[in-house]
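The values are calculated or read from the model by the stated rules, or taken from the named source; none is laboratory data. Not measured: the values here are computed from a predicted model. Note that we place each Cβ from the backbone using ideal geometry, even for glycine, and neighbour counts take in every protein chain shown. For accessibility, only protein heavy atoms count, side chains too; no ligands or nucleic acids. Shrake-Rupley method; radii C 1.70, N 1.55, O 1.52, S 1.80 Å.
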Amino acid sequence: MAKPKILVTRRWPAAVEAQLSESFDTVLNGADTPLGPADFKAALACYDAVLPTVTDAIGAAAMQMEKVQTKIIANYGVGFSHIDVAAAHGLGITVTNTPDVLSECTADLAMTLLLMVARRAGEGEREIREGRWTGWRPTHLIGTKVSGKTLGIIGFGRIGQEMARRAHHGFGMKIIVQNRSKVAPDVLARCNATQVADIETLMPQCDFVSLHCPGGAENRNMINTARLELMKPDAFLINTARGEVINELALSQALWFGTIGGAALDVFEGEPRINPGLRDCDRLVMLPHLGSATRESREAMGFRVIENLHDFFEGREPRDRIH
Ligand code: DGY
């Protein structure tokens, strides 16, 4: 039987690309540039599987077709708000993602951001690199203590739970959770966490708020002016989820007017473009979407895609099918 024909939209770790090329009739993207909607249409017409990632917007426009050759879109990444899953299902295409394997590393990065913004690490590094450091002094770049403070976690899936584990067991933080469904008592008990009914209840109680909910239309602008105003004036907002979850204009105003203590972002609306209102905020740490960027996670994500493809093409249920 002929091997399934697959298209990989970006460069992947070498070990995974090698395995893909061995198992399937694989076309790699040596240029590593994102595909546009027209490229997707062309890909859906001739490949059995398309393997996109977060930089590929596969919206309704890319899927306005009568008939496709593609049977599975196997996404490299856990978030899939860049794919119109309903449109894919309408065309009979299965969609999968890569959960679990990046949870620890993404939570590590959320904790990195939390510590950086609390301890003003970005400002300190900029000062040294720009030759502005004049030496130690008792009042220099005074930050905020992290240990023992209260962390609010919005979205208590696998990554949110890993974040809670680090914060509670590593830094003795008190954990408050907001999640769209009820979290099992034994899951909350692992970090002595309390679940609250809504974001309005969570915000005023927290010294840090970390976002771990999905992106997409449902959560667009979830953090808006009204909710930012509920934060303590010295509290910090951390986002490793998706850029669209925060209204960036509202956040930049909160930072410029100092109504919150600071923010730390790994994801941005319309990335890699950065909202000009955010670019020059001092109390803002920004990283270029590095949540899962470790060799271990990025390889594991690729091998998880391969597992989904084998299951699918060999007639088994792919474990990460998105319903
Ligand atoms: C994801 O997996 O959704 C990340 O944002 C990229 O790792």
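For the range 1-27: of the residues being more than 17 Å from N75 (Cβ to Cβ) and assigned to a helix (DSSP H, G or I), which is most open to solvent (accessible area, probe 1.4 Å)?
E22
Taking interchain pairs and intrachain pairs at least six residues apart, which have beta carbon atoms under 7 angstrom, with the first residue in the range 196-211 and in contact (Cβ under 8 Å) with a residue 12 or more places away in the chain and the second open to solvent by 60 Å² or more (accessible area, probe 1.4 Å) and not in a helix (DSSP H, G or I)?
E200/L230; M203/L230; P204/L230; P204/K232; D207/K232
Just to check your reading of the model, which residue among A110, A60 is out of contact with any Ser or Thr (no Cβ under 8 Å at 6 or more places or on another chain) and small (G, A, S)?
Testing whether each residue is out of contact with any Ser or Thr (no Cβ under 8 Å at 6 or more places or on another chain) and small (G, A, S) leaves just A60.
Please tell me if K67 is out of contact with any strand residue (DSSP E or B) (no Cβ under 6 Å at 6 or more places or on another chain), more than 16 Å from the ligand (Cβ to nearest atom) and in contact (Cβ under 8 Å) with a residue 60 or more places away in the chain.
Answer is no for this residue.
Being among the charged types (D, E, K, R) and either in contact (Cβ under 8 Å) with a residue 60 or more places away in the chain or within 12 Å of the ligand (Cβ to nearest atom) (or both) narrows it down to one of R279, R316, R321, so name that one.
R321
Just one of (1) in a loop (DSSP other than H, G, I, E, B); (2) closer than 24 Å to A167 by Cβ; (3) open to solvent by 20 Å² or more (accessible area, probe 1.4 Å) trips up I260, so point out which.
Condition not satisfied by I260: (3).
Test K145 against the criterion of being open to solvent by 50 Å² or more (accessible area, probe 1.4 Å), touching a residue at least 12 places away in the same chain (Cβ under 8 Å), within 30 Å of D320 (Cα to Cα) and not aliphatic (A, V, I, L, M), and give yes or no.
no
Residue by residue through the range 270-312, note down the ones that are part of a helix (DSSP H, G or I) and touching a strand residue (DSSP E or B) at 6+ places or on another chain (Cβ under 8 Å).
If the condition is that a residue be part of a helix (DSSP H, G or I) and touching a strand residue (DSSP E or B) at 6+ places or on another chain (Cβ under 8 Å), then L278, M301, G302, V305, N308, L309, F312 are the ones that fit.
Regarding the range 85-103, can at least one residue be identified that is more than 16 Å from the ligand (Cβ to nearest atom), hydrophobic (A, V, I, L, M, F, W, C), within 30 Å of L151 (Cα to Cα) and modelled with pLDDT of 95 or more?
No, the range 85-103 contains no residue that is more than 16 Å from the ligand (Cβ to nearest atom), hydrophobic (A, V, I, L, M, F, W, C), within 30 Å of L151 (Cα to Cα) and modelled with pLDDT of 95 or more.
Among (1) under 30 Å from M1 (Cα atoms); (2) within 16 Å of the ligand (Cβ to nearest atom), which single condition is L309 missing?
With respect to (1) under 30 Å from M1 (Cα atoms); (2) within 16 Å of the ligand (Cβ to nearest atom), L309 is out only on (2).
Quickly run through the range 267-276 and pick out the residues that are more than 19 Å from C213 (Cβ to Cβ) and within 14 Å of the ligand (Cβ to nearest atom).
P272 - this is the single residue of the range 267-276 that is more than 19 Å from C213 (Cβ to Cβ) and within 14 Å of the ligand (Cβ to nearest atom).
Filter the range 282-299 down to the residues that are over 16 Å from the mean Cα position of the chain (by Cα) and open to solvent by 30 Å² or more (accessible area, probe 1.4 Å), then identify the one that is farthest from the ligand (Cβ to nearest atom).
This residue is D282.
Considering R321, R242, R279, which residue is modelled with pLDDT under 95 and either out of contact with any Ser or Thr (no Cβ under 9 Å at 6 or more places or on another chain) or among the basic types (K, R) (or both)?
Answer to the selection: R279.
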